[in-house]
Amino acid sequence: MYRERPSSRLTVMPPFLLRHYHLPGECAVAFAAWQGFDSPLRGRPAASTCLEGGHAVWWRVEAANRQAALAFLPSYVAKRTHVIPVRDVQIP
């Protein structure tokens with residue numbers, strides 16, 4: 001009996017670095033924007049400089065494209081976010 005083998009090709013989603021920036025007085029709004037927004041990023045740690053005075057937050061995500069990467073974020077946060085394509089490299 002012939003059985004088709006599952007494809008050994010995996011669909012790899014490109015990695016992106018999301019860099020969000022807001023003004024010092026906007027921290028509360030930026031964090032409140034997540035309330036009621038469903039995202040796999042909620043409840044997970046993110047690199048942030050808010051407590052150090054920098055007011056930036058970074059997330060690393062895998063998505064089909066830049067728009068899909070921004071969809072992980074609430075609108076208020078996404079509008080203030082740069083989407084940066086990244087690749088891992090081996091540091092010698």
Among the candidates A28, A33, A63, A69, single out the residue that is over 24 Å from P85 (Cα atoms) and touching a residue at least 40 places away in the same chain (Cβ under 8 Å). A33
For segment 70-77, indicate whether the set of residues that are open to solvent by less than 100 Å² (accessible area, probe 1.4 Å), within 20 Å of P24 (Cβ to Cβ) and part of a helix (DSSP H, G or I) is non-empty. yes
Candidate set: segment 50-90, residues that are modelled with pLDDT under 95 and aliphatic (A, V, I, L, M); chosen: the one farthest from A33 (Cα to Cα): V89
Conditions (1) open to solvent by 80 Å² or more (accessible area, probe 1.4 Å); (2) modelled with pLDDT under 95: number failed by D38: (2)
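The values are calculated or read from the model by the stated rules, or taken from the named source; none is laboratory data. Quick caveat: nothing in here was measured; it's all calculated off a predicted structure. Backbone-built Cβ (ideal geometry, glycine too); neighbour counts: all protein chains shown. For the accessible areas, the whole protein counts, side chains as well, though only heavy atoms, and no ligand, DNA or RNA atoms are used. Shrake-Rupley method; radii C 1.70, N 1.55, O 1.52, S 1.80 Å.
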